[in-house]
Amino acid sequence: MVCLGNICRSPLAEGILRNKAKKAGLHWTIDSAGTGNYHIGEAPHRLSQKVSKLNGVDISFQQARQFHKNDMKHFDKIYVMDADNYEEVKSISQDQWNQDKVDLLLNELHPFENREVPDPWYGTEEAYHRVYKLLDLACTAVIKKYEPVEIKK
Ligand code: 4NP
């Protein structure tokens, strides 16, 4: 899960997806990163922590890091929050760039529409609640897409 600062949107997406994957019995390695380096080592934004906690998801232990080109190799799927993130990931990845692995997260909810998760950085708490709801719906779609189908006897 990738955004700009790795303190507002992608830490929420990481926490939400980890929570849902665990509940679905999926042993995925889930991580998040920012394309920028401004907040490396910081905990998620106070309001991201607050809103996720209200929804039963703990992200307080997460620490911001910057996206690295090796992430493109290491992870099977890379979800970005907006079009700028997409271009930055492409630029950072250099020779490792693999277009098939990268998509806007909201395309899992609205295929091919290239909708963006709005940046709540300058917003009020309400903006963080709205972002949480969007990410929650998108992560449910991701789980549905990849979880193994139960074979009925
Ligand atoms: P994020 O939000 O990309 O969702 O983590 C932002 C966090 C910090 C900044 C911008 C966006 N910033 O400019 O420092």
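The values are calculated or read from the model by the stated rules, or taken from the named source; none is laboratory data. Here the structure is a predicted model, which means the values were calculated and not measured. Neighbour counts are summed over all protein chains in view; Cβ atoms, including those assigned to glycine, are modelled from backbone coordinates with ideal geometry.
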Checklist entry - Of the residues that make up the range 60-78, is at least one surrounded by fewer than 15 Cβ atoms within 10 Å (Cβ to Cβ) and within 16 Å of the ligand (Cβ to nearest atom)? => result yes
Next on the checklist: Looking at SER91, SER32 in this structure, which one is modelled with pLDDT of 95 or more and touching a helix residue (DSSP H, G or I) at 6+ places or on another chain (Cβ under 7 Å)?
Outcome noted: SER32
Checklist entry - If you scan the range 41-50, which residues turn out to be within 13 Å of the ligand (Cβ to nearest atom) and over 20 Å from LEU106 (Cα atoms)? => result GLU42, ALA43, PRO44, HIS45, ARG46, LEU47, GLN49
Item to check | Single residue of the range 117-137 satisfying the filter (of a type in the set (A, V, I, L, M, F, W, C) and more than 9 Å from the ligand (Cβ to nearest atom)) that is farthest from ARG9 (Cα to Cα) | outcome: LEU137
Next on the checklist: With the structure loaded, tell me whether ASP136 is of a type in the set (Asp, Glu) and under 16 Å from the mean Cα position of the chain (by Cα) or whether it fails that test.
Outcome noted: yes
Checklist entry - When both residues are 6+ apart or on different chains and their Cβ atoms are under 7 Å apart, which pairs have a first residue that lies in the range 1-14 and is closer than 14 Å to ASN85 by Cβ, and a second that is basic (Lys, Arg) and near the ligand (Cβ under 8 Å from one of its atoms)? => result CYS3/ARG9
Item to check | Hits in the range 120-147 - residues which are touching a residue at least 24 places away in the same chain (Cβ under 8 Å) and in a loop (DSSP other than H, G, I, E, B) | outcome: PRO120, TRP121, GLU147
Item to check | All positions within the range 1-18 that are under 16 Å from GLU108 (Cα atoms) and part of a loop (DSSP other than H, G, I, E, B) | outcome: MET1
Item to check | For GLU150: the one exception among (1) outside any helix (DSSP H, G or I); (2) of a type in the set (Asp, Glu); (3) more than 14 Å from the ligand (Cβ to nearest atom); (4) modelled with pLDDT of 95 or more | outcome: (4)
Checklist outcome for this item: Taking the range 1-38 and keeping residues more than 19 Å from ILE78 (Cβ to Cβ) and either within 11 Å of the chain's Cα centre (by Cα) or within 16 Å of the ligand (Cβ to nearest atom) (or both) leaves TYR38
Item to check | Failed criterion for ALA24 (all others in (1) hydrophobic (A, V, I, L, M, F, W, C); (2) touching a residue at least 60 places away in the same chain (Cβ under 8 Å); (3) crowded, with 17+ Cβ neighbours inside 10 Å hold) | outcome: (3)
